[in-house]
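Working notes, beginning with the structure itself.
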Amino acid sequence: MTATTERAVGSDVRRIDGPAKVRGLAPYAYEHEVDGSAVFVALVQSTVAKGRITSIDVSAAQAVPGVLAVLTHEDAPRLGDVAEELLVLQSDRVQYAGQPVAVVVAETSEVARDAVGRVVVRYDAQRPDVDLRADRDDLYPPEKLMGGFETDSVIGDVDAALAAAPVSVDVTYETPNEHNNPIEMHATVARWDGDVLRMWDANQGPHNLVPVITEAFGITADQLHITSPYVGGAFGSKAFTHVHQLIAGMAAKVTGRTVKVELTRQQMFSLVGHRTPTIQRLRLGALPDGTMTAISHEVVEHTSQNAEFAEQTATATRLMYAAPARRTTHRLAKLDVPAPTIMRAPGEAPGMYALESAVDELAEALGMDPVELRLRNEPERDPERDVPWSTRNLVACLRQGAERFGWADRDPRPGVRADGRWLVGTGVAASTYPTRRRPSQARIEAVPGKPFVVSIDASDIGTGAWTALTQIAADALGVPMDDVDLRIGDSRLPKASGAGGSTGITSWGPAIIAAAQELRDREVPPGGLTVTGSSGPGDEAEQYSSHAFGAHFAEVRVDRDSGEVRVPRMTAVFAAGRIINPTTARSQFLGGMTMGLSMALHEEAVLDATHGHYANHDLAEYHVATNADVGEVDISWVDEVDELHNPLGAKGIGEVGIVGSAAAIGNAYAHATGRRVRDLPLTPDKFFR
Amino acid sequence: MREFRYEKAIDPAGAVALLTGEPEGAYLGGGTNLVDLMRLGVATPDVLVDVRQLTSTEVEDLPDGGLRIGAAVPNADLAAEPRVRERYPLLAQALLAGASGQLRNRATTGGNLLQRTRCTYFTDTTMPCNKRDAGSGCGAVEGLHRNLAVLGATHEGPTSPHTCIATHPSDMVVALRALDASVRVLGADGERTVPIAELHRLPGDDPARDTTLAHGELITAIDVPALPWATRSRYRKVRDRASYAFALVSVAAALDLDGSTVRDVRIALGGVAHKPWRATVAEDALRGGPATEAAFAAAAEAELAAAAPLADNAFKVPMATNMITRTLVQLAEARA
């Protein structure tokens, strides 16, 4: 092997999976025809949110021609020792509205749906409690937060520092329940080949599912084969095992057939998780020159009766700004809701919305430019861990963003600009997202005269991983991209981490590089050669604080008659390590920013206090941004290579785009109108409060 | 979802005869609303009678200068029709404010009139809803009602069989209400003409019924009478996002000025009631008076005085007041 001859990394390569996708040739989970004789599953969901099933009459459903089986908690296969939220059809207990209480398997999906309507379920129901309030007397601290973060962090005497601060703000921000809405609904095709469970599934990494599914069905990892080459978006909702995957395995077992399960859009609101609502109290203290003296961020959020999901909402506050006295806390209310899950930048997205809004309010209280206030409080080292940054270029992002956006001429006074009936304002907010890597393995098969087969159970959920990993492999092998035959998305490939936490490139890329290095000094014999490589977190995680950063700028217009909000332009600059592919990277940033805009203006799943269900559980009523909502978007990045963290010098880019974007829009809204709306989304009704 | 038969008739009378004999059947037009409701189990017809090719797809001139719109004219075609754009700008604007390009290609004019409410308690068969399941109560009054009615609703509490705060979702119908359109209807006993004011109804004590049509009656055409001064007209829709959302509040208005005096005016509201809401109180207050922002605002406030909002939709009252005022100001400022 020779050294790299041509650099694919860093060049604008179009998606290698694009042509197959636009031609309809890239099979998504539900499209796997398998043996052409698949049968179909439909779900009976609980109409109550809390209580017990007192009876289920399935006789009418079973009598429908074409119905093969109706499973209930009375006769469904028993599952192994899996998390409580996954114990589907295992007891008469109902813990959330929409919980599956019976499963129909039929020859056609139409028959299955027809039969669902004929199952009669009676309940002993209780009124659910779905009300998240900061003054509940049953809030409790979870043992740990998701990601292993400490629940609370306290440095110094925060209350004394706040009391002594010449300038301070004390504000409470709220974010609502939000739901992931990838284009592809969750789908699983399952079949038992003897004692081997074969699945074609939409997920964020087949290996993510293996521990739960093997435990649920009492099989070994060798007895489970999951294939997931193409996934139509996920955002976190496909990271973990959900009940539909277990239902698919159960239904296939009972009927002995290949079973297809596809959730409806409506079902996704109760069965694949959501982002918890949050209530966040921010108290910031500062000297008149803007130097922060105290930062307090107290979070109240919810989890479910059947799971403890503790979103790490205030963890970004632990590192953003220097201040001698600091505190973050997280408290949970256990409510009668479905289990929450991760949604693009869990923790950072809601947490940085609140922090960056409060920082803007502090700037206003200080009479100081909000960019300048951030620059003034830039910490030299991680302020809580007391370790150096591997790289931190927030200052460059803020300066370049201000330049590109035209921030310099900004009139800081709120509510004084108009263009016709539009009130006009601008806002800024910072972004951050952790840089991490997870254990991953890769294999390369070299045969003279043939492309290198590079195998890793990585996952492309629409991010561009197919392309970026091929670029990385080509450079590592010193060959053109055409000489790389990448294989991903299969549990029989070398084990790799899932697509989540913006860790894909930093985890999978180094594993591929490690495998390629095994080939470098070796002659490939005529019969071929197979090498493996692995990568995982090293000392860097302890030695350094590693994060991507960014700065968002937004212009907002609010119609003074209707309260309608428009965002004609957004500028963002990111410092996110080496960019593998500018084209797909820009798409990731753009997608994150659009999702942040959607969070700012539109997204809210409303829990019905009486019935405990998400009342607006479809895309007609749960609004996500449309093309018409997105204006001019200016995206760039600073030159940054973080080789202290990983050999690629890359950072994750999937989530840093959403973080802070809602705050920039909220701050611009306040600048436009002179009024702070401290609970998302910024729907027109809130203008009339 | 229930199994159903699919039928075609050779002419409108045949379709009427077919459906009149099928008490649980339904007409199929563009299907953009009905098919969704069937998938959700909200609509459960046992037979669909396809009428898409039975009624006219033409827009014809009426002797008085008005237009007759065939019931099967697609929304997209109607919005693009030059005579509509010229004579009734508010109607073209209303059509383009509705749904998406794909849906407008598919949706018919007749079907647009008969859309069902998008109230989430109506579209969820596990929830109480007097409109879908008579007597089951109303989940919305104590639940999600941010985008429901503030005018003409029936609110006797969540368990009353009469309570209904649904809104009519159509944009087009708001413009047609302002234009005093009439609907030509074919029934088992022949043809009749229904003024659009009498087509849709308030929930009263029978929220299950959206319209005054009898089962089996088929809309064949919509007549829009001449209104020369409708060239100075406008449809303004306020919604939660820039496109593809139902109205929080919409205003269809036309203004006829005599110098700075209001000679005549038409105002209809969408998103606020069980039917398109003709703002007759405001019209009466304005006719013969000054065309000033103060007068427009006073008239709008008078119209909304009858509003009885709930906790989460009270914003619609000032929003509708503002939008009536602003729309009339813009029309007064526009050159005819």
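The values are calculated or read from the model by the stated rules, or taken from the named source; none is laboratory data. All of these numbers come straight from a predicted model, not from anything done at the bench. Because the Cβ atoms are built from the backbone with ideal geometry, glycine has one as well, and the counts that use them run over all protein chains shown. Keep in mind that these areas ignore ligands, DNA and RNA; they rest on the heavy atoms of the full protein, side chains included. Shrake-Rupley method; radii C 1.70, N 1.55, O 1.52, S 1.80 Å.
Could we say that residue A:222 is open to solvent by 40 Å² or more (accessible area, probe 1.4 Å) and assigned by TED's automatic domain parsing to the domain that holds residue A:75 here?
Spelling it out, residue A:222 is indeed open to solvent by 40 Å² or more (accessible area, probe 1.4 Å) and assigned by TED's automatic domain parsing to the domain that holds residue A:75.
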Is at least one residue of the range A:626-633 open to solvent by 40 Å² or more (accessible area, probe 1.4 Å), over 23 Å from residue A:357 (Cα atoms) and within 14 Å of chain B (Cβ to nearest Cβ)? yes
Determine if the range A:153-161 includes at least one residue that is in a strand (DSSP E or B) and closer than 23 Å to residue A:338 by Cα. no
If you go through the range B:103-122 one residue at a time, how many are touching a residue at least 60 places away in the same chain (Cβ under 8 Å), buried (at least 24 other Cβ atoms within 10 Å of the Cβ) and either assigned to a loop (DSSP other than H, G, I, E, B) or within 12 Å of chain A (Cβ to nearest Cβ) (or both)? 3
List the number of the failed condition for residue A:204; all other conditions in (1) in contact with a strand residue (DSSP E or B) (Cβ under 9 Å, 6 or more places away or on another chain); (2) buried (at least 24 other Cβ atoms within 10 Å of the Cβ); (3) in a loop (DSSP other than H, G, I, E, B); (4) not hydrophobic (A, V, I, L, M, F, W, C) hold. (1)
Residues that are modelled with pLDDT of 95 or more, away from chain B (no Cβ under 14 Å) and open to solvent by less than 20 Å² (accessible area, probe 1.4 Å): does the range A:58-65 have at least one? no
Taking the range A:254-297, which residues are under 30 Å from residue A:41 (Cα atoms) and over 31 Å from the mean Cα position of the chain (by Cα)? A:254, A:255, A:256, A:257
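With A:621, A:655, A:643 as the choices, which residue is outside the structural domain of residue A:516 (by TED's automatic domain parsing), touching a Ser or Thr at 6+ places or on another chain (Cβ under 7 Å), assigned to a loop (DSSP other than H, G, I, E, B) and surrounded by fewer than 24 Cβ atoms within 10 Å (Cβ to Cβ)? Outline the logic, then answer.
On the way: A:655 fails: surrounded by fewer than 24 Cβ atoms within 10 Å (Cβ to Cβ); A:643 fails: touching a Ser or Thr at 6+ places or on another chain (Cβ under 7 Å).
After ruling out the rest, the residue left standing is A:621.
On the basis of being part of a helix (DSSP H, G or I), open to solvent by 20 Å² or more (accessible area, probe 1.4 Å) and more than 11 Å from chain A (Cβ to nearest Cβ), does residue B:299 make the cut? So that I can check it myself, show each step before the final result.
Values: part of a helix (DSSP H, G or I): yes; open to solvent by 20 Å² or more (accessible area, probe 1.4 Å): no; more than 11 Å from chain A (Cβ to nearest Cβ): yes.
No; evaluated as a whole, the condition is false for this residue.
Condition check ((1) open to solvent by 20 Å² or more (accessible area, probe 1.4 Å); (2) within 14 Å of chain B (Cβ to nearest Cβ); (3) in contact with an Asp or Glu (Cβ under 6 Å, 6 or more places away or on another chain); (4) over 30 Å from residue A:386 (Cβ atoms)) across all residues:
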residue: A:107; (1), (2), (3), (4): yes, yes, no, yes
residue: A:115; (1), (2), (3), (4): no, yes, no, yes
residue: A:125; (1), (2), (3), (4): yes, yes, no, yes
residue: A:138; (1), (2), (3), (4): yes, no, no, yes
residue: A:151; (1), (2), (3), (4): no, no, no, no
residue: A:157; (1), (2), (3), (4): yes, no, no, no
residue: A:163; (1), (2), (3), (4): yes, no, no, no
residue: A:196; (1), (2), (3), (4): yes, no, no, yes
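Does residue B:247 satisfy the criteria of being under 17 Å from residue B:66 (Cβ atoms) and of a type in the set (A, V, I, L, M, F, W, C)? Spell out the reasoning first.
Values: under 17 Å from residue B:66 (Cβ atoms): no; of a type in the set (A, V, I, L, M, F, W, C): yes.
No; evaluated as a whole, the condition is false for this residue.
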Just give me the residues in the range B:40-67 being open to solvent by less than 60 Å² (accessible area, probe 1.4 Å) and part of a strand (DSSP E or B), in sequence order. B:47, B:48, B:49, B:50, B:59, B:67
For the range A:658-680, enumerate the residues that are within 14 Å of chain B (Cβ to nearest Cβ), part of a loop (DSSP other than H, G, I, E, B) and buried (at least 24 other Cβ atoms within 10 Å of the Cβ). A:680
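Can you pull out the residues in the range A:432-446 that are open to solvent by less than 60 Å² (accessible area, probe 1.4 Å) and not in a strand (DSSP E or B)? Lay out the reasoning, then the answer.
Kept after step one, since they are open to solvent by less than 60 Å² (accessible area, probe 1.4 Å), are these residues of the range A:432-446: A:432-435, A:437, A:440, A:442, A:444, A:446.
Hits for the range A:432-446 are A:435, A:437.
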So which residues in the range A:653-689 are under 20 Å from residue A:573 (Cβ atoms) and either of a type in the set (A, V, I, L, M, F, W, C) or at pLDDT below 95 (or both)? A:653, A:656, A:658, A:659, A:662, A:663, A:664, A:665, A:668
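Which is surrounded by 23 or more Cβ atoms within 10 Å (Cβ to Cβ), under 19 Å from residue A:390 (Cα atoms) and assigned by TED's automatic domain parsing to the domain that holds residue A:404, of A:554, A:575?
A:575 is the lone residue from the list that is surrounded by 23 or more Cβ atoms within 10 Å (Cβ to Cβ), under 19 Å from residue A:390 (Cα atoms) and assigned by TED's automatic domain parsing to the domain that holds residue A:404.
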Could we say that residue A:600 is within 12 Å of chain B (Cβ to nearest Cβ), more than 24 Å from residue A:352 (Cα to Cα) and either of a type in the set (S, T, N, Q) or not in a loop (DSSP other than H, G, I, E, B) (or both) here? no
Which ones in the range A:376-415 are surrounded by fewer than 20 Cβ atoms within 10 Å (Cβ to Cβ), among the small types (Gly, Ala, Ser) and over 24 Å from residue A:295 (Cα atoms)? A:406, A:408, A:415
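Specify which of the listed residues (B:193, B:125, B:159) is surrounded by fewer than 24 Cβ atoms within 10 Å (Cβ to Cβ), free of Cβ contacts under 8 Å to residues at least 60 places away in the same chain and in a loop (DSSP other than H, G, I, E, B).
Details: B:193 fails: in a loop (DSSP other than H, G, I, E, B); B:125 fails: free of Cβ contacts under 8 Å to residues at least 60 places away in the same chain.
Checking each option against the conditions leaves just B:159.
Pick out the one residue from A:429, A:468, A:458 that is outside any loop (DSSP other than H, G, I, E, B) and outside the structural domain of residue A:669 (by TED's automatic domain parsing). Steps first, answer last, please.
Numbers: A:429 fails: outside the structural domain of residue A:669 (by TED's automatic domain parsing); A:458 fails: outside any loop (DSSP other than H, G, I, E, B).
Testing whether each residue is outside any loop (DSSP other than H, G, I, E, B) and outside the structural domain of residue A:669 (by TED's automatic domain parsing) leaves just A:468.
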Going through the range A:262-317 in order, the residues found to be over 26 Å from residue A:86 (Cβ atoms), among the polar types (S, T, N, Q) and in contact with a His (Cβ under 6 Å, 6 or more places away or on another chain) are A:317
Scanning the range A:235-288 for residues that are out of contact with any helix residue (DSSP H, G or I) (no Cβ under 7 Å at 6 or more places or on another chain), of a type in the set (D, E, K, R) and over 30 Å from residue A:504 (Cα atoms), the one least open to solvent (accessible area, probe 1.4 Å) turns out to be A:257
Restricting to the range A:468-501, give me the number of residues that are surrounded by fewer than 23 Cβ atoms within 10 Å (Cβ to Cβ), at positive phi and either touching a strand residue (DSSP E or B) at 6+ places or on another chain (Cβ under 8 Å) or among the charged types (D, E, K, R) (or both). 0
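Give me the residue from the range B:302-321 that is assigned to a helix (DSSP H, G or I) and under 19 Å from residue B:278 (Cβ atoms) and, out of that set, nearest to the other protein chains (Cβ to nearest Cβ).
Step one: of the range B:302-321, the residues assigned to a helix (DSSP H, G or I) are B:302-304, B:316-321.
Okay, now just the ones that are also under 19 Å from residue B:278 (Cβ atoms), so B:302-304, B:316-317, B:319-321.
Working: B:302: 18, B:303: 16, B:304: 13, B:316: 8, B:317: 9, B:319: 6, B:320: 10, B:321: 9 Å.
By that ranking, first place goes to B:319.
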What residue, of A:594, A:583, is out of contact with any helix residue (DSSP H, G or I) (no Cβ under 8 Å at 6 or more places or on another chain), open to solvent by 10 Å² or more (accessible area, probe 1.4 Å), within 14 Å of chain B (Cβ to nearest Cβ) and in a helix (DSSP H, G or I)? A:594
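Do you know which residues across the range B:1-21 are open to solvent by less than 40 Å² (accessible area, probe 1.4 Å) and free of Cβ contacts under 8 Å to residues at least 60 places away in the same chain?
The first filter runs over the range B:1-21 and keeps only residues open to solvent by less than 40 Å² (accessible area, probe 1.4 Å), leaving B:9, B:12, B:14-16, B:19.
If the condition is that a residue be open to solvent by less than 40 Å² (accessible area, probe 1.4 Å) and free of Cβ contacts under 8 Å to residues at least 60 places away in the same chain, then B:9, B:14 are the ones that fit.
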If we ask which residues in the range A:453-467 are open to solvent by 10 Å² or more (accessible area, probe 1.4 Å) and under 18 Å from residue A:580 (Cβ atoms), their number turns out to be 4
